[in-house]
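The values are calculated or read from the model by the stated rules, or taken from the named source; none is laboratory data. Remember, it's a predicted structure, so these values are computed and weren't measured experimentally. Here the Cβ is made from the backbone with ideal geometry for all residues, glycine too, and neighbour counts use every protein chain on show. Heavy atoms of the whole protein, side chains included, go into the accessibility calculation; ligands, DNA and RNA do not. Shrake-Rupley method; radii C 1.70, N 1.55, O 1.52, S 1.80 Å.
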Amino acid sequence: MEKINYRKVRGNPVYRASSRLLDLGLSSLGLILFSPLFLYLAVKIKLEDGGPIFYSQTRLGQGGRTFKIWKFRSMIEGGDQLKQELMDKNEIAGAMFKIKDDPRVTKIGKMMRRRSLDELPQLVNVLRGEMTLIGPRPPLPEEARQYSAYDWQRLLVKPGCSGLWQVECRNDGDFDQMVQLDIKYINQRSLWLDLQLMVKTIGLIFRPTGM
C-alpha cells in the first residue's frame, strides 16, 4: 500500500499560498455565481416539507480538528437518528455508510445528490479556511474512530469539497479505495492536478451518475 510522502504533507510554501488564494477566489466567485441556484434550491427544499433549508454536521478536518460542515438538507428531518436502523443495509465496507436508495432522502434531495448540489454551501467552509476545494472528504467522528493508523494519513491535510476519489469512483468505490486514492492525491498534489480535478468535478454536475 502506498504511504504518505511527508514532504508532500508539509507542502511547498508556494503551493500552500497559491492553493489558499485559489480557494478564496473561486469560492467567493462560486457563491456569487451560484446565488440564483442557491435561492432556487432553498425554495424547493422549503416547499417540499417545510423543514430547514440547511443542514450542518460535525466533521473532522486536518489533524482531527472538528468543525461544522454545511450542506443543503437532502434528507427528511431527523434522518440522522434513523441511521442505526439502516446499518444492515450499508453498501460500503469499512468506516463509511452509504445506501444507494436511501429512504431518508427527499425528492429534491435525490436530484441534488445526483449532481452534488447539496455540497455547494461548503464553499463557505472553504472561505473560512476549514476546507479546501480539492482534498480528502472530511469523515464523521464516529467513522474516524474506526480508522487504522494507515487510514488516519488522509487527515494529515485539509479536507476538500471534491477530490480524486469523488472524480474517479463517484459512488462505486469502497472505503479502502477511497483511502488509497486520498493518499495518492496527497503524494501527487499540485495546482495543476487541483485544477484538473475541479474541471472534472464541474463535469459531474452536468453529467450526473446514479446516487
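Report, by residue number, each residue of region 47-74 that is assigned to a loop (DSSP other than H, G, I, E, B), more than 20 Å from the chain's Cα centre (by Cα) and on the phi < 0 side of the Ramachandran plot.
Those that are assigned to a loop (DSSP other than H, G, I, E, B), more than 20 Å from the chain's Cα centre (by Cα) and on the phi < 0 side of the Ramachandran plot: GLY51, PRO52.
So LEU181 clears everything in (1) assigned to a loop (DSSP other than H, G, I, E, B); (2) buried (at least 18 other Cβ atoms within 10 Å of the Cβ) except one condition, right? Which one?
(1)
Within region 67-86, can you find the residues that are open to solvent by less than 70 Å² (accessible area, probe 1.4 Å) and acidic (Asp, Glu)?
Passing the criteria: only ASP80.
Of the residues LYS110, LYS98, only one is within 22 Å of THR201 (Cβ to Cβ) and in a loop (DSSP other than H, G, I, E, B); which? Talk me through it step by step, then tell me what you get.
Working: LYS110 fails: in a loop (DSSP other than H, G, I, E, B).
Going through LYS110, LYS98 in turn, just one is within 22 Å of THR201 (Cβ to Cβ) and in a loop (DSSP other than H, G, I, E, B): LYS98.
For region 123-152, which residues satisfy the criterion of being surrounded by 21 or more Cβ atoms within 10 Å (Cβ to Cβ) and touching a strand residue (DSSP E or B) at 6+ places or on another chain (Cβ under 7 Å)?
Scanning region 123-152 gives ASN125, VAL126, GLU130, MET131, THR132, LEU133, ILE134, GLY135, PRO136, PRO138, PRO139.
Applying the selection to region 1-52, what residues are hydroxyl-bearing (Ser, Thr, Tyr) and more than 25 Å from GLY78 (Cα to Cα)? Steps first, answer last, please.
First pass over region 1-52, keeping only residues hydroxyl-bearing (Ser, Thr, Tyr): 6, 15, 18-19, 27-28, 35, 40.
Hits for region 1-52 are TYR6, TYR15, SER18, SER19, SER27, SER28, SER35.
Considering LYS3, LYS44, which residue is at negative phi, open to solvent by 80 Å² or more (accessible area, probe 1.4 Å) and part of a loop (DSSP other than H, G, I, E, B)?
Values: LYS44 fails: part of a loop (DSSP other than H, G, I, E, B).
Of the residues listed, the single one that is at negative phi, open to solvent by 80 Å² or more (accessible area, probe 1.4 Å) and part of a loop (DSSP other than H, G, I, E, B) is LYS3.
How many residues, within region 21-62, are closer than 18 Å to VAL199 by Cα and touching a residue at least 12 places away in the same chain (Cβ under 8 Å)? Even if it seems obvious, please write down each step before you answer.
Residues of region 21-62 that are closer than 18 Å to VAL199 by Cα, as a first pass: 21-31, 33-34.
Right, trim to touching a residue at least 12 places away in the same chain (Cβ under 8 Å) and you get 22-24, 26-28, 30-31, 34.
The qualifying residues number 9.
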